[in-house]
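In what follows, a single structure is set out as structure tokens and then discussed.
The values are calculated or read from the model by the stated rules, or taken from the named source; none is laboratory data. What you are looking at is a predicted structure, and each value in this text was computed from that prediction instead of being measured. Note that each Cβ is placed from the backbone with ideal geometry, even for glycine, and that neighbours are counted across all protein chains shown. Accessible surface areas use protein heavy atoms only, side chains included; no ligands, DNA or RNA. Shrake-Rupley method; radii C 1.70, N 1.55, O 1.52, S 1.80 Å.
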Amino acid sequence: MSPRLPFLQKLFPQSLGGQLLVMLLLALAVTQGLGLVLLTDERNRAIRAALGLEAAGRAANVVLLLDSAPSDLRPSILRAADSPLVRFEVDPEPDALHDSAEADMVLRQIRQILGEPAREVRADVHTLPVVSLPMPDGVPAAMRPMHEAMMAGRTDPIELTLSIRLAGGDWLNVRTMFHRPSLQLTPQALLPLLLMALAVALVAWWTARRVVGPMRALAIGADRLGRGLEADPLPLAGPFEVQETTQAFNRMKDRLTRFVNERTHMLAALSHDLRSPLTAMRLRIEMLDETEDSLRLKALVEEMQAMVEATLEFARGVAKAEPATVVDLAALLGDLVGDVGGNKATLAPSPPLPVAIHAHALNRALRNLIDNAVRYGGVASVTLTQAPGIVVITIADNGPGLPADQLEAVFEPFVRLEGSRSRDTGGVGLGLAIARTIIQAHGGTVILHNRLQGGLEAVVTLPTEAA
């Protein structure tokens, strides 16, 4: 990638409205520039043609005068025809040795004026460098500064050489010079360009507003849907294509919401219905004699009961409807650390940090993470930091950590951090799943990674805005 490319990317607007405006103005500048070049070229051609035809008419009329006048009057006629930029001379040989393609119109003009009988006429048009353009002879001293000022800054001087055979056999040689006119940029010429640029800017702003507004609402709706938040259907606005996209999103949201609600209700209903047979089984076990088999059966029933209760808790966490309130996150973490007691959990000093959260749900999620750190790592070191737009909660322990391939898998339901089936050591495997569900519902993230100095670290990121 070119080293200049990142710099250009920074200058280029990132918003749709800014990019649309820049592209339209760039297209306007290119088209108007090409139009100006073409218009200037046509103007130059027209002026050069006019100057060439004017010189051709003068030359033809001088030929008619020379043919009809006595020989002793020729010097007087040539002096009268001369001007500072057009010179007339009678010579035995022609100065124009060949005809130029640009001189066809000039030749037709001369032959039309001279009429019959046809005589030999030559016209040569060529470009001269500015340095080779001398001051014409005969220019008065008072006009020389004006002539030099006119020549300054001009490019591509054009020289037209005409050679017309006279009746006596001599040649009338005519030399004239002219230039392409300079570009005329006047306020009157720039006004239409400025008006067009203003019109393009207004059109770009209006178009971007019609497109960006619905697209921004669509992005917000998609973000809320991804966090499992309730939201009304998005209004249909903007161009037809954007309305189609919004309508498709509304249909997708309805289907996903219905699907999640049905599965959550089914999970809750199934877990609730399992309570009755499990309770009956537990009562029957209590009535049995206390043997090794009855004790094992009782432990299995209690484990199933715990799994049912945890499943109901998970379902309630998915289907929560708790309103967001502003809570001091530092105080909330302090209470959680204090509930653990002893030196098993510590909180680094942190100033008050009010954040809009679902207090009870987030309390449960953070408690699960701190309890896991204490259970598997011995201690939980909690820190709270703030960055632009987010807060970061770090919960570190001194345990053995986890294999790299399990750092994400442990967030799945019923996946436990240790291999035993004991509820006292491993729970039922829903704590981290509940924690991640609640944190994602706040628009945040939670990740696990192994610390270089040993132990596991859970990093929770939450937005400072209300979910």
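Worth a mention:
- Where helices (runs of 4 or more DSSP H) sit wholly within segment 1-114, those with at least 1 residues that are modelled with pLDDT of 65 or more occupy 16-68, 74-81, 104-114.
- Selected residue [at pLDDT 70 or above and either farther than 16 Å from Leu65 by Cα or in a loop (DSSP other than H, G, I, E, B) (or both)] from Arg154, Arg144, Arg175: Arg175
- Output for segment 257-276, where each listed residue is open to solvent by 80 Å² or more (accessible area, probe 1.4 Å) and among the aliphatic types (A, V, I, L, M): Met266, Leu270
- Hey, Thr279 surrounded by 14 or more Cβ atoms within 10 Å (Cβ to Cβ) and not aliphatic (A, V, I, L, M) or not: no
- Test: residue in segment 366-376 that is under 29 Å from Thr264 (Cα atoms), open to solvent by 40 Å² or more (accessible area, probe 1.4 Å), charged (D, E, K, R) and at pLDDT below 85: no
- Considering (1) aliphatic (A, V, I, L, M); (2) within 30 Å of Val22 (Cα to Cα); (3) at pLDDT 75 or above, the lone condition that Ile164 does not fulfil carries the number (2).
- Counting only residues that are assigned to a helix (DSSP H, G or I) and either under 11 Å from Arg364 (Cβ atoms) or of a type in the set (S, T, N, Q) (or both), segment 430-446 holds 7 of them.
- Restricting segment 56-83 to residues that are surrounded by 15 or more Cβ atoms within 10 Å (Cβ to Cβ) and in contact with a Gly (Cβ under 9 Å, 6 or more places away or on another chain), the residue that is farthest from Leu166 (Cα to Cα) is Asp82.
- Whichever residue in segment 338-358 is within 22 Å of Gly443 (Cβ to Cβ) and of a type in the set (Gly, Ala, Ser) and, among such residues, is least open to solvent (accessible area, probe 1.4 Å): Ala356
- Condition met for Leu267 (at pLDDT 80 or above and not aromatic (Phe, Trp, Tyr)): no
- Of the set (1) under 41 Å from the mean Cα position of the chain (by Cα); (2) farther than 17 Å from Ala441 by Cα; (3) open to solvent by less than 70 Å² (accessible area, probe 1.4 Å), all apply to Gln386 but (3).
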